[in-house]
Amino acid sequence: MEATDVVALLRAAVKAEDDLISSKAVLRLLDAVEEHVGVSSERARQGHESRLAQYQVEAQSNLEMFRSVMDSGKEALNALILIGGGAVIALLSFLGNKADPALGKGLILSLQLFGATVLIGAVCHGFRYLCQVAYSAGSMRAGHSLSALTVLSALAGYGIFGWGVLETAQAFGRVFR
(Lines give C-alpha, C1' and ligand atoms only; values in the text may rest on other atoms or scores of the structure.)
Protein backbone atom coordinates (compact mmCIF):
# COMPACT_ATOMS: atom_id res chain seq x y z
CA MET A 1 0.00 0.00 0.00
CA GLU A 2 1.33 3.40 -0.99
CA ALA A 3 1.08 6.64 0.99
CA THR A 4 -1.52 7.99 -1.45
CA ASP A 5 -3.70 4.96 -0.71
CA VAL A 6 -3.53 5.72 3.03
CA VAL A 7 -4.51 9.36 2.45
CA ALA A 8 -7.45 8.28 0.29
CA LEU A 9 -8.65 5.85 2.96
CA LEU A 10 -8.43 8.52 5.68
CA ARG A 11 -10.38 11.01 3.55
CA ALA A 12 -13.07 8.43 2.88
CA ALA A 13 -13.31 7.58 6.59
CA VAL A 14 -13.58 11.24 7.58
CA LYS A 15 -16.33 11.88 4.99
CA ALA A 16 -18.25 8.81 6.12
CA GLU A 17 -18.30 9.91 9.77
CA ASP A 18 -19.76 13.39 9.10
CA ASP A 19 -17.21 15.43 11.05
CA LEU A 20 -17.38 13.00 13.92
CA ILE A 21 -14.68 10.33 13.91
CA SER A 22 -14.69 7.68 16.58
CA SER A 23 -11.42 6.41 17.94
CA LYS A 24 -12.52 2.84 17.22
CA ALA A 25 -13.07 3.66 13.54
CA VAL A 26 -9.65 5.28 13.31
CA LEU A 27 -7.99 2.31 15.03
CA ARG A 28 -9.72 -0.15 12.67
CA LEU A 29 -8.54 1.93 9.71
CA LEU A 30 -4.99 2.06 11.05
CA ASP A 31 -4.99 -1.71 11.63
CA ALA A 32 -6.12 -2.32 8.03
CA VAL A 33 -3.50 0.09 6.68
CA GLU A 34 -0.77 -1.50 8.81
CA GLU A 35 -1.72 -4.96 7.54
CA HIS A 36 -1.59 -3.85 3.91
CA VAL A 37 1.66 -1.94 4.35
CA GLY A 38 3.36 -5.00 5.87
CA VAL A 39 2.23 -7.25 3.03
CA SER A 40 3.12 -4.66 0.41
CA SER A 41 6.66 -4.10 1.69
CA GLU A 42 7.22 -7.86 1.98
CA ARG A 43 6.06 -8.35 -1.61
CA ALA A 44 8.30 -5.52 -2.77
CA ARG A 45 11.30 -7.06 -0.97
CA GLN A 46 10.58 -10.49 -2.46
CA GLY A 47 10.15 -9.01 -5.93
CA HIS A 48 13.42 -7.14 -5.59
CA GLU A 49 15.25 -10.26 -4.43
CA SER A 50 13.77 -12.25 -7.32
CA ARG A 51 14.84 -9.64 -9.89
CA LEU A 52 18.30 -9.44 -8.33
CA ALA A 53 18.73 -13.22 -8.46
CA GLN A 54 17.58 -13.28 -12.09
CA TYR A 55 20.03 -10.50 -12.97
CA GLN A 56 22.89 -12.36 -11.28
CA VAL A 57 22.10 -15.53 -13.23
CA GLU A 58 21.95 -13.62 -16.52
CA ALA A 59 25.22 -11.80 -15.77
CA GLN A 60 26.97 -15.07 -14.93
CA SER A 61 25.60 -16.69 -18.09
CA ASN A 62 26.76 -13.76 -20.24
CA LEU A 63 30.21 -13.89 -18.65
CA GLU A 64 30.54 -17.62 -19.33
CA MET A 65 29.34 -17.14 -22.91
CA PHE A 66 31.92 -14.38 -23.43
CA ARG A 67 34.68 -16.59 -22.04
CA SER A 68 33.57 -19.46 -24.26
CA VAL A 69 33.57 -17.28 -27.37
CA MET A 70 36.99 -15.83 -26.55
CA ASP A 71 38.45 -19.29 -25.88
CA SER A 72 37.01 -20.64 -29.14
CA GLY A 73 38.49 -17.71 -31.04
CA LYS A 74 41.85 -18.30 -29.39
CA GLU A 75 41.81 -21.95 -30.44
CA ALA A 76 40.89 -21.03 -34.02
CA LEU A 77 43.81 -18.60 -34.17
CA ASN A 78 46.17 -21.17 -32.66
CA ALA A 79 45.04 -23.66 -35.32
CA LEU A 80 45.72 -21.07 -38.04
CA ILE A 81 49.27 -20.53 -36.79
CA LEU A 82 49.83 -24.25 -36.34
CA ILE A 83 48.72 -25.32 -39.81
CA GLY A 84 50.53 -22.42 -41.52
CA GLY A 85 53.74 -23.06 -39.60
CA GLY A 86 53.48 -26.79 -40.16
CA ALA A 87 53.09 -26.25 -43.89
CA VAL A 88 56.18 -24.02 -44.00
CA ILE A 89 58.22 -26.57 -42.07
CA ALA A 90 57.01 -29.44 -44.25
CA LEU A 91 57.88 -27.62 -47.48
CA LEU A 92 61.28 -26.50 -46.23
CA SER A 93 62.07 -30.03 -45.06
CA PHE A 94 61.00 -31.44 -48.41
CA LEU A 95 63.09 -28.90 -50.31
CA GLY A 96 66.09 -29.65 -48.11
CA ASN A 97 65.91 -33.32 -49.05
CA LYS A 98 64.84 -32.90 -52.68
CA ALA A 99 67.08 -30.27 -54.24
CA ASP A 100 65.14 -29.83 -57.47
CA PRO A 101 65.50 -26.18 -58.63
CA ALA A 102 62.32 -26.30 -60.72
CA LEU A 103 60.28 -27.43 -57.72
CA GLY A 104 61.95 -24.85 -55.49
CA LYS A 105 60.95 -22.01 -57.82
CA GLY A 106 57.40 -23.34 -57.96
CA LEU A 107 57.10 -23.45 -54.18
CA ILE A 108 58.26 -19.90 -53.46
CA LEU A 109 54.73 -18.48 -53.62
CA SER A 110 53.43 -21.36 -51.49
CA LEU A 111 56.02 -20.67 -48.81
CA GLN A 112 55.15 -16.99 -48.85
CA LEU A 113 51.45 -17.75 -48.53
CA PHE A 114 52.00 -20.16 -45.64
CA GLY A 115 54.28 -17.62 -43.94
CA ALA A 116 51.58 -14.97 -44.39
CA THR A 117 49.11 -17.36 -42.77
CA VAL A 118 51.31 -17.56 -39.67
CA LEU A 119 51.77 -13.79 -39.62
CA ILE A 120 48.03 -13.17 -39.94
CA GLY A 121 47.38 -15.62 -37.10
CA ALA A 122 49.82 -13.75 -34.86
CA VAL A 123 48.32 -10.38 -35.82
CA CYS A 124 44.86 -11.76 -35.04
CA HIS A 125 46.05 -12.65 -31.54
CA GLY A 126 47.03 -8.99 -31.15
CA PHE A 127 43.60 -7.88 -32.38
CA ARG A 128 42.02 -10.32 -29.93
CA TYR A 129 43.98 -8.76 -27.07
CA LEU A 130 42.94 -5.24 -28.13
CA CYS A 131 39.36 -6.43 -28.36
CA GLN A 132 39.46 -7.63 -24.75
CA VAL A 133 41.04 -4.35 -23.64
CA ALA A 134 38.26 -2.40 -25.37
CA TYR A 135 35.54 -4.52 -23.79
CA SER A 136 37.08 -4.26 -20.32
CA ALA A 137 37.32 -0.47 -20.73
CA GLY A 138 33.58 -0.41 -21.48
CA SER A 139 33.94 0.57 -25.12
CA MET A 140 31.50 -1.84 -26.73
CA ARG A 141 31.70 -0.18 -30.15
CA ALA A 142 35.49 -0.51 -30.31
CA GLY A 143 35.26 -4.05 -28.94
CA HIS A 144 32.75 -5.08 -31.58
CA SER A 145 34.80 -3.44 -34.34
CA LEU A 146 38.01 -5.17 -33.24
CA SER A 147 36.15 -8.45 -32.89
CA ALA A 148 34.86 -8.16 -36.46
CA LEU A 149 38.35 -7.23 -37.68
CA THR A 150 39.79 -10.28 -35.92
CA VAL A 151 37.24 -12.63 -37.45
CA LEU A 152 37.66 -11.21 -40.94
CA SER A 153 41.45 -11.36 -40.67
CA ALA A 154 41.35 -14.96 -39.47
CA LEU A 155 39.03 -15.92 -42.33
CA ALA A 156 41.45 -14.22 -44.74
CA GLY A 157 44.27 -16.24 -43.15
CA TYR A 158 42.40 -19.48 -43.73
CA GLY A 159 41.72 -18.39 -47.31
CA ILE A 160 45.40 -17.64 -47.87
CA PHE A 161 46.29 -21.03 -46.43
CA GLY A 162 43.91 -22.66 -48.93
CA TRP A 163 45.51 -20.66 -51.73
CA GLY A 164 48.92 -21.90 -50.57
CA VAL A 165 47.71 -25.50 -50.67
CA LEU A 166 46.50 -25.01 -54.25
CA GLU A 167 49.79 -23.39 -55.29
CA THR A 168 51.72 -26.28 -53.71
CA ALA A 169 49.63 -28.85 -55.55
CA GLN A 170 50.12 -27.02 -58.84
CA ALA A 171 53.89 -26.77 -58.31
CA PHE A 172 54.15 -30.51 -57.66
CA GLY A 173 51.91 -31.17 -60.65
CA ARG A 174 54.15 -29.15 -62.99
CA VAL A 175 57.35 -30.89 -61.84
CA PHE A 176 56.14 -34.48 -61.56
CA ARG A 177 54.09 -34.79 -64.76
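The values are calculated or read from the model by the stated rules, or taken from the named source; none is laboratory data. Just so it is clear, the structure is predicted and the values come from calculations on it, not from any experiment. We place every Cβ from the backbone using ideal geometry, glycine too, and count neighbours over all the protein chains shown.
Could you check how many residues of the range 6-19 are modelled with pLDDT under 65 and exposed (fewer than 10 other Cβ atoms within 10 Å of the Cβ)?
Residues that pass the stated criteria total 2.
Considering the range 105-151 alone, what residues qualify as being among the polar types (S, T, N, Q) and assigned to a helix (DSSP H, G or I)?
Once the filter is applied, which keeps residues that are among the polar types (S, T, N, Q) and assigned to a helix (DSSP H, G or I), the range 105-151 yields Ser110, Gln112, Thr117, Gln132, Ser136, Ser145, Ser147, Thr150.
Within the range 152-177, restricting attention to residues that are in contact with a Gly (Cβ under 8 Å, 6 or more places away or on another chain) and among the aliphatic types (A, V, I, L, M), which residue is surrounded by the fewest Cβ atoms within 10 Å (Cβ to Cβ)?
Val175
For Asp100, only one of the following conditions fails: (1) among the acidic types (Asp, Glu); (2) within 27 Å of Leu166 (Cα to Cα); (3) within 25 Å of the chain's Cα centre (by Cα). What is its number?
(3)
Considering Gly159, Gly143, which residue is touching a Cys at 6+ places or on another chain (Cβ under 7 Å) and not polar (S, T, N, Q)?
Answer to the check: Gly143.
Residue-by-condition table, conditions (1) at pLDDT 90 or above; (2) more than 30 Å from Gly143 (Cα to Cα); (3) polar (S, T, N, Q):
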residue	(1), (2), (3)
Thr4	no, yes, yes
Ala32	no, yes, no
Glu42	no, yes, no
Leu77	no, no, no
Leu95	no, yes, no
Gln112	yes, yes, yes
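Residue-wise test of (1) within 23 Å of Val69 (Cβ to Cβ); (2) surrounded by fewer than 18 Cβ atoms within 10 Å (Cβ to Cβ); (3) in contact (Cβ under 8 Å) with a residue 40 or more places away in the chain.
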| position | (1), (2), (3) |
| --- | --- |
| Gly85 | no, yes, no |
| Gly96 | no, yes, no |
| Pro101 | no, yes, no |
| Gly104 | no, yes, no |
| Ile120 | yes, no, yes |
| Cys131 | yes, no, no |
